[in-house]
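Structure record follows, encoded as structure tokens.
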Amino acid sequence: MTERAVSPSPERDLPGRELPDGLLALRAAEGDEDSFAALVQRHGSSLLTLARCMLGNPQDAEEAVQDAFVSAWRRLPEYGHRAEFRTWMYRITVNRCLSMRRHRPPPLPLDVVVEPAAGDARSQPALSAEQDAATAALTRALDDLDAGQRLCWILREVQGLSYKEIAHVTRTNEPTVRGRLFRARRSLQEAMGPWR
């Protein structure tokens, strides 16, 4: 597989763009790099968003998605179409992100972190500070969630997956997903109460 098969390129017009994922995956399993590139282009940005939510770091997220697509390319012959390609890719990406989180070095103490440079004088500092604080509060609230709750919330609220798809990605069942989402939403609602 070449580098172009795992790097999404929005401006590139790939043959087979209108074909369903299943057919593209079948062709890719037979070695058709253009079909795989079409799948990468179709799903790359949503997987990148998922990885960013899970890892919090754009560079780590890009690495996780790149690794997930490389892994998918290698495992396509065993894919078997038991799940939608999109759901299969979510599972691979989630597993890669979880692995990266386990092996991540501990965060730097706050006194080591460099203060960001002052923004543009024409910007609205009060609004920007409020948005930054709300985002930081949401990030802390998400980090405080149980890992299963956080993953279910991200897959549902950020990625828009169905309960069935989330159950498949997390290897649980729909009632478990619903329970995790209920608890996650309740916890986030309590944590974000002052920001309403």
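The values are calculated or read from the model by the stated rules, or taken from the named source; none is laboratory data. Quantities reported herein were computed from a predicted structural model and do not represent experimental measurements. Note: ideal-geometry Cβ built from the backbone for every residue, glycine included; neighbour counts use all protein chains shown. Accessible surface is based on the protein model in full, side chains and every heavy atom, while ligands, DNA and RNA are left aside. Shrake-Rupley method; radii C 1.70, N 1.55, O 1.52, S 1.80 Å.
At a glance:
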read-out	value
Of all residues in the range 50-71 being without any contact (Cβ under 8 Å) to a residue 60 or more places away in the chain and more than 12 Å from the chain's Cα centre (by Cα), the one that is surrounded by the most Cβ atoms within 10 Å (Cβ to Cβ)	67
Residue match in the range 74-86 (condition: in a helix (DSSP H, G or I), at pLDDT below 90 and open to solvent by 50 Å² or more (accessible area, probe 1.4 Å))	yes
Selection within the range 37-56 - β-branched (Val, Ile, Thr) and over 15 Å from residue 23 (Cα atoms)	49
Number of the exception - residue 181 against (1) open to solvent by 40 Å² or more (accessible area, probe 1.4 Å); (2) under 22 Å from residue 56 (Cα atoms); (3) modelled with pLDDT of 90 or more	(1)
